[in-house]
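Some notes on the structure that comes next.
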Amino acid sequence: MTNFNTIISSSTPTLVDFYAKWCGPCKMQAPILEQVKQQIGDKATILKIDVDHDNELASIYHVQSIPTLILFKDGKILWRVSGVRQANTILSKINEAL
């Protein structure tokens with residue numbers, strides 16, 4: 001938890017993907033996030049949180065459906081969305097945060 005708070009409090013934008021291994025839409029989101037990571041490089045961090053293992057974090061951030069993506073910068077939520085999103089939408093939000 002402390003490490004999570006340190007990461008999201010960074011001035012580097014951090015996209016957190018709340019997912020579960022059994023979730024079909026989460027499996028669709030995973031390769032899209034890989035594509036985003038390749039395009040964005042070190043300008044942003046992408047962090048995956050398995051809600052089955054880190055249910056405390058999911059509870060704190062009121063994650064009720066998965067996948068849920070939350071973009072943080074300096075500890076603040078800049079963008080939050082549930083459901084599968086395409087790379088161009090995610091990249092656009094990350095670029096706004098840079």
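The values are calculated or read from the model by the stated rules, or taken from the named source; none is laboratory data. Here the structure is a predicted model, which means the values were calculated and not measured. Heads up, the Cβs are rebuilt from the backbone with ideal geometry, glycines too, and the neighbour counts pull from every protein chain shown. Remember, those area values only see protein heavy atoms, side chains included, never the ligands or the DNA or RNA. Shrake-Rupley method; radii C 1.70, N 1.55, O 1.52, S 1.80 Å.
Computed 3J(HN,Hα) for the stretch 85-92, one whole-Hz value per residue from the Karplus formula 6.51 cos²θ - 1.76 cosθ + 1.60 where θ = phi - 60°, is 10, 7, 4, 5, 5, 5, 4, 4, glycine and proline marked x. Rounded to the nearest whole Hz, the Karplus-based 3J(HN,Hα) values (6.51 cos²θ - 1.76 cosθ + 1.60, θ = phi - 60°) of the stretch 13-21 follow the sequence x, 10, 9, 9, 9, 8, 9, 9, 4, with x at glycine and proline.
Let me know the charge dipole size of the chain about its Cα centre in debye, to the nearest 20, where only the beta-carbon of Lys, Arg (+1) and Asp, Glu (-1) is charged. Could the numbers behind the result be given before it?
Details: 10 positive and 9 negative charges, 54 e Å.
The dipole of the chain has a size of about 260 debye.
As a fraction of the 1.4 Å probe accessible area of the stretch 1-50, surface on carbon and sulfur atoms comes out at 55 percent. Based on protein heavy atoms only, the chain ends up with 56 Å² per residue of surface accessible to a 1.4 Å probe.
Annotation for the stretch 4-61: chymotrypsin sites (Phe, Trp or Tyr not before Pro) lying in DSSP loop with at most 11 further Cβ atoms inside 10 Å of their Cβ are Trp22.
Give, in whole angstrom and from largest to smallest, the semi-axes √(5λ) of the equivalent ellipsoid of the chain, with λ running over the eigenvalues of the Cα gyration tensor. Numbers along the way, then the final one.
Numbers: eigenvalues 70, 58, 24 Å².
Whole-Å semi-axes of the equivalent ellipsoid: 19, 17, 11.
Under a 5 Å amide H cut-off, with hydrogens placed 1.01 Å from N, Phe72 pairs with Thr14, Leu15, Val16, Leu78 among residues at least 5 apart or on other chains.
Among the trypsin sites (Lys or Arg not before Pro) within the stretch 1-95, those in coil by DSSP and having at most 14 neighbouring Cβ atoms inside 10 Å are Lys21. Considering only Gln39, Thr68, Ser10, and ranking their Cα positions along the charge dipole of the chain that arises from unit charges at the beta-carbon of Lys, Arg, Asp and Glu, the one farthest toward the positive end is Gln39.
In this simple spin-label model, placing a label point 7 Å from the Cα along the Cα-to-Cβ direction at both Asn88 and Asn3 gives a separation of 3.6 nm.
Spatially, the stretch 1-16 and the stretch 35-76 are offset by 9 Å when compared through their Cα centroids. Structure remark: mean-square fluctuation, Gaussian network model of the chain, C-alpha springs under 10 Å; the largest value among Gln29, Gln86, Gln38 belongs to Gln38.
For the stretch 59-65, backbone phi angles converted through the Karplus equation (6.51, -1.76, 1.60; θ = phi - 60°) give residue-by-residue couplings of 5, 4, 9, 6, 7, 10, 9 Hz, Gly and Pro being listed as x. Estimated at 0.36 nm per residue, the fully extended path between Ser10 and Asp54 surpasses their Cα-Cα distance by 13.8 nm.
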